[in-house]
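Have a look at the structure below before the remarks.
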Amino acid sequence: MKQRPILVAVIGYIIGILWGLYFQISIVLYYIPIAVTYKIVKTIYQRNKKYTFKLLSFSRYKRYLKLIIHSKTIFILILCSIISNTIVLFLNKKYEQAFQEGENIQVIGIVISPKIEKQYYDLYQVKLLGSKHFNLFIQVSKKIGELEYGDKVQLQGEYKKPIEQRNYGGYDDKQYLRTLKIIGRVKVHQIEIMGKKQINPILQLANQVNLNIKQKIDDTFEKEKASVLKALLLGDTSEIEEEVRESFQVSNISHVLAISGMHIGYIIIGLQLLLKKLMGKRNTKIMTIIILIIYAFLTKFSPSVVRAIIMSIFTIGGEIVYRKSDFWNSIAISLLVILCYNPFLILSVGLQLSYLGTIGIILFSSTTFKMFQHIPIRLKFNRFEKVEKMLAVSLSAQITIFPVLWYHFNSMGVYFLITNLLVSFIIGPIILLGFFCIIINLFVVPVEIGLNLLNLISSFSQLPFSKIYLPTPNMIGIIIYWIGLAVIQQVYKIYQAKQPTITQARIRNLIALFRYRFFQKKKKYKKFIVLVLILMICFTFLPKDLEIHFVDVGQGDCTFMITPFNQTILVDGGGNLSDTFDVRKKDFVTIFIR
């Protein structure tokens, strides 16, 4: 089995981060008792060891685990988890102790974001200088005037800590801001501009090009189409209206609004078609790597872009030096780079979906495509096989990320296969022609047609039963789901192997032995299964305890009650009949589907 120490290091790094985030204590304290317990159990096991045949004996199959988990692997896992855990605990302490709620602070920093317009103020992101290397959101009155990217400012104002999650399943502002390396907000009372363009010249140039591209898009397209095209080309979703964002999400095509491997793939294809005859294969690949790095600057190094670009650079770089890149090492290095920059990005939903979707495609797409070929009624044409491959890719990504979508959004889109298949036909031309449209002002009409079609596909969210609400799963259920998915895929591959290896033959024999033992006592097993099902059904009809939940709604509390017969009552949810804001839909959906 191929050794991948970088992949092991990343897994350990993730374990340490999650331990620090959710338990907020040192992981070292738990490694010592685990090691002592392991030593005691091993000693007792070796003394009582008997060489008798047992189908489910651990010692019979532990040699397979030793191929994956050995002393070197364990050492790397422990070391990397301790390092990342220590970093997270240090950063947590640093964030908490930086400023106090309501403190009047005076700091110097550099503006590192464009203006975000709010109703009563403008919002900017500022990188602090001096001893406190944090980022802040500053709320600046519209009367003060507009700041520009790279302005060095001295400001004075009231510090506000980010609000933590107040209700189960609710929004956690502190968690979100830390994924952006932002410590909190400051309501600015006084501000003075101390200098212009005080940031790195490369970043300043990249920001200016980014603004020019956005301005060109705004001048060429209508507002709604322009906001979607900015997301497709630059990953900027800040201008997309909430209704449009929700329709994309319900239709399960919101991933196209976040730049990922699909977007980078089309950019690479376009560059190769454009430059191959002019520069040759080798020079085209070198130029592609340079352009991808420039593109990372233009898109502000979002996690999904960094992942896709690092993996693409490894693949293209391997071709330049006539070596094949390893997928698992590439994805591990890209994730390690991102988490070393900011370990809190592990909480980013976009990062989770990007990596899991990519892993799902690599692991399951070929198996899913082979399963399609076993369908009794199917059209055997080359073009239809291409459609099957697209469906296999889409389905593989969706079944992998489904638990994450379920956990974060408590919903599932019903028409995801249809919408993703339709999007796969038009998204490539929109991206490629969109860049041509910006550079040389051509293909405006085809891009508009593509954006209209994309909007039409998103309208699938208006169809009946387009969205199914689901209760929030627990982490154990999610892990069992992924393990089950992997087991099903491996068993399918084992039985489809024309020339099975020794290990595959042993697993086949083991499954056959299980089936033989089951059919020997199938009547007893069937009775047991029926009894369990009857008990489960009976328990669902038994009256439960009365539950009363007091929910923090900001300006007070409301009461949510669940009766013994599962009826729900919401008291004092806020709002009134004349409000256009739907309180039930926006604030309490997580309570109803908890």
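The values are calculated or read from the model by the stated rules, or taken from the named source; none is laboratory data. Keep in mind that what you see is a predicted model, and the values were worked out from it rather than measured. Glycine gets a Cβ as well: all are built from the backbone with ideal geometry, and neighbour counts include every protein chain shown. The accessibility values were calculated without ligands, DNA or RNA, using every heavy atom of the protein model including side chains. Shrake-Rupley method; radii C 1.70, N 1.55, O 1.52, S 1.80 Å.
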From the phi angles alone, apply the Karplus equation (6.51, -1.76, 1.60; θ = phi - 60°) to region 536-549 and give each ³J(HN,Hα) in whole Hz, x where the residue is Gly or Pro.
5, 5, 5, 5, 5, 9, 6, x, 9, 6, 5, 10, 10, 10
Looking at the chain, I'd like the Rg to Rh ratio, where Rg is from alpha-carbon atoms and Rh is Kirkwood's inverse mean 1/r.
0.98
Return the long-range amide H neighbours of G184 (sequence gap of 5 or more, or a different chain), with a cut-off of under 5 Å between placed amide H atoms.
F137
In what order, largest first, do L535, L77 sit by accessible area if the probe radius is 1.4 Å?
L535, L77
Place the peptides 297-306, 438-447 in order of packing, highest mean first, counting for every residue the other Cβ atoms within 10 Å and averaging per peptide.
297-306, 438-447
With θ taken as phi - 60° and the coefficients 6.51, -1.76 and 1.60, list the Karplus ³J(HN,Hα) couplings across region 204-220 in order, rounded to whole Hz; mark glycine and proline as x.
5, 5, 4, 5, 5, 5, 4, 5, 5, 5, 4, 5, 5, 5, 5, 6, 9
Rounded, prolate or oblate, given the Cα gyration tensor of region 243-343, with a/c below 1.5 counting as rounded?
oblate
Using the structure shown, list the pairs from K143/K197; K214/K276; K277/K324; K216/K467 with a Cα-Cα distance above 27 Å, or answer none.
K214/K276; K216/K467
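Give, as a single signed number, the net charge of other residues whose beta carbon lies under 11 Å from the beta carbon of P343, with Lys and Arg counted +1 and Asp and Glu -1. Could you put the intermediate results ahead of the total?
On the way: positive: R178, K181; negative: none.
Cβ neighbours under 11 Å give a net charge of +2.
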So how compact is region 477-552: Cα radius of gyration and Dmax in angstrom?
20.4, 62
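Which of the GluC sites (Glu not before Pro) across region 105-171 are loop residues per DSSP, with 15 or fewer other Cβ within 10 Å?
Values: sites: E117, E146, E148, E158, E164; in loops: E146, E148, E164.
Those satisfying the criteria are E146, E148, E164.
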F23 to D572: FRET efficiency via 1/(1 + (r/R0)^6), r the Cβ-Cβ distance, R0 51 Å, to the nearest 0.05?
0.90
Taking the 0 to 90 degree range and rounding to the nearest ten, how far is the long axis of helix 281-298 tilted relative to the main principal axis of the chain, both from C-alpha atoms?
70
Positive dipole terminus of region 386-539, leading residue within V445, I480, Y415 (C-beta point charges)
I480
Convert each backbone phi in region 353-365 into a coupling constant with the Karplus relation 6.51 cos²θ - 1.76 cosθ + 1.60 (shift: θ = phi - 60°), then list the ³J(HN,Hα) values in order as whole Hz, x for Gly and Pro.
5, 5, 6, 5, x, 5, 4, x, 5, 5, 6, 10, 5
1/(1 + (r/R0)^6) with r = Cβ-Cβ of N212 and K142, R0 = 25 Å, i.e. FRET efficiency to nearest 0.05, evaluates to 0.50
Would you please give the residues with an amide H less than 5 Å from that of V107, counting only those at least 5 places away or on a separate chain, with H modeled from the backbone geometry?
L155
Evaluated over region 185-260, the Cα radius of gyration and Dmax, each in Å
16.2, 48
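If contacts are Cα pairs under 8 angstrom and at least 6 residues apart, what is the relative contact order of region 324-479 in percent? Each step should come with its number before you reach the end.
On the way: 118 pairs, mean separation 34.3, N = 156.
Reported relative contact order: 22 percent.
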So if I take the alpha carbon set of region 108-250, get Rg, then get Rh from the Kirkwood formula, what is the Rg over Rh ratio?
0.99
About its Cα centre, the chain carries a charge dipole, from +1 on Lys and Arg Cβ atoms and -1 on Asp and Glu Cβ atoms, whose size in debye to the nearest 20 is 4680
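Hey, which of these cross-link pairs are over 25 Å Cα-Cα: K94/K115; K127/K160; K174/K196; K498/K522; K142/K223? Could you put the intermediate results ahead of the total?
Values: K94/K115 27 Å; K127/K160 16 Å; K174/K196 31 Å; K498/K522 31 Å; K142/K223 23 Å.
Pairs exceeding 25 Å: K94/K115; K174/K196; K498/K522.
Lys and Arg at +1, Asp and Glu at -1: add these up for the other residues within a Cβ distance under 13 Å of I286 and post the number. Walk me through the numbers before you get to the answer.
Details: positive: K276, K281, R282, K285; negative: E319.
Local net charge: +3.
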